[in-house]
1. If the viscosity is 0.890 mPa s and the temperature 25 °C, what Stokes-Einstein diffusion coefficient in µm²/s follows for the protein assembly as shown when Rh is the Kirkwood radius over Cα pairs?
2. Within a 10 angstrom radius of the beta carbon, how do B:ILE51, A:ILE30 rank from fewest other beta carbons to most?
3. Can you give me the orientation-averaged projected area of the convex hull built on the Cα atoms of the stretch B:50-118, in nm²?
4. Find the relative contact order for chain A and round it to a whole percent, using C-alpha pairs within less than 8 Å whose residues are 6+ positions apart.
5. Label-to-label distances across copies for A:LYS45, with labels 7 Å out along Cα→Cβ, in nm, shortest first?
6. Put the label 7 Å from Cα along Cα→Cβ for A:VAL81; what are its distances to the other copies, in nanometres, shortest first?
7. Taking the rotation that carries A onto B, look along its axis and tell me which residue of A has the beta carbon nearest to it, distance in whole angstrom.
8. Give me D for the stretch B:1-99 in µm² s⁻¹, whole number, from Stokes-Einstein with Rh from the Kirkwood sum over alpha-carbon pairs, 10 °C and 1.306 mPa s.
There are 2 protein chains.
Amino acid sequence: MPDFLHNGKLYYNPVEFAMSHIGGTWKMPILWRLNKQVMRYSELKKYLPHISHKMLTTQLRELEAHGFVTRTVFPVVPPHVEYRITDKGRRVIPVIETIRQFGRELMDELGIVERTGP
Amino acid sequence: MPDFLHNGKLYYNPVEFAMSHIGGTWKMPILWRLNKQVMRYSELKKYLPHISHKMLTTQLRELEAHGFVTRTVFPVVPPHVEYRITDKGRRVIPVIETIRQFGRELMDELGIVERTGP
DNA sequence: CCGTATCCTGGTTGATACTG
DNA sequence: CAGTATCAACCAGGATACGG
């Protein structure tokens, strides 16, 4: 597994490179949500109750910079901003599904059940 | 995406749970290597030139604790310790391949080529 | 050869407050 | 409503030293 440079950072393999784009606690949940529907900032925030204001903003900026989502500002008051997954972003979905399925298998083996109600 | 507790830590979704087992810089490279062959500590260290002594030890311990690898000590001097991937560990390989393939696609789009020689 | 312990650094994230 | 700035806390990870 040869390593390589990109934008001044050293990566050791393609997996690490991929995870630098879609890794972290929030990027996959955000893409997962946006794949289901276009959403404005406050809606996303509502669907990701644990994310902080700052993190939602920075993660969305990075996803936008990498071409996984688009950001559309409607010049009204109060502001209205829509986030939409791109074709490139949709190509992440099967990857998420694979990891998600593996996670569920691990959870099954450990007898973990997700909470169903409030 | 309901959240759940496991061993005192709160997880927000199955993806995060999966990544707590196979995420980080080193777990997947280690499993990838051990999938090809049984290896002793010093061999692994040689194949992962950037990993620190401490990290290789701690990551192997965690992989062992989660049942992804086994550790066999041969009681000789100097010590001889072998690491072997388990059946459970092999189930991670397709996940790695999916992420790896996605990483390669991203690299292709950006015109990144891995170094081939020394 | 392999492993543990200690110290220390820097990047990541949350809280809070302020803006158009 | 959406975004930015600042500060502090935390934690992953490296360097080093010592032990069986």
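1. Details: Rh = 19.6 Å.
Estimated via Stokes-Einstein, D reaches 125 µm²/s.
2. Details: B:ILE51 18, A:ILE30 26.
Taking fewest neighbouring Cβ atoms as first place, the list is B:ILE51, A:ILE30.
3. Dividing the Cα hull surface by four gives the mean projection, 7.1 nm².
4. After rounding, I find 22 percent.
5. Ordered by increasing distance: 5.1 nm.
6. Distances between equivalent label points, in nm: 4.8.
7. Spelled out, residue of A and its Cβ distance from the axis onto B: A:THR98, 2.
8. Approximately 110 µm²/s, per Stokes-Einstein.
Any read-out appearing in this document is the output of simple, stated calculations on the displayed coordinates, not a laboratory observation. Just so it is clear, the structure is predicted and the values come from calculations on it, not from any experiment. Heads up, the Cβs are rebuilt from the backbone with ideal geometry, glycines too, and the neighbour counts pull from every protein chain shown.
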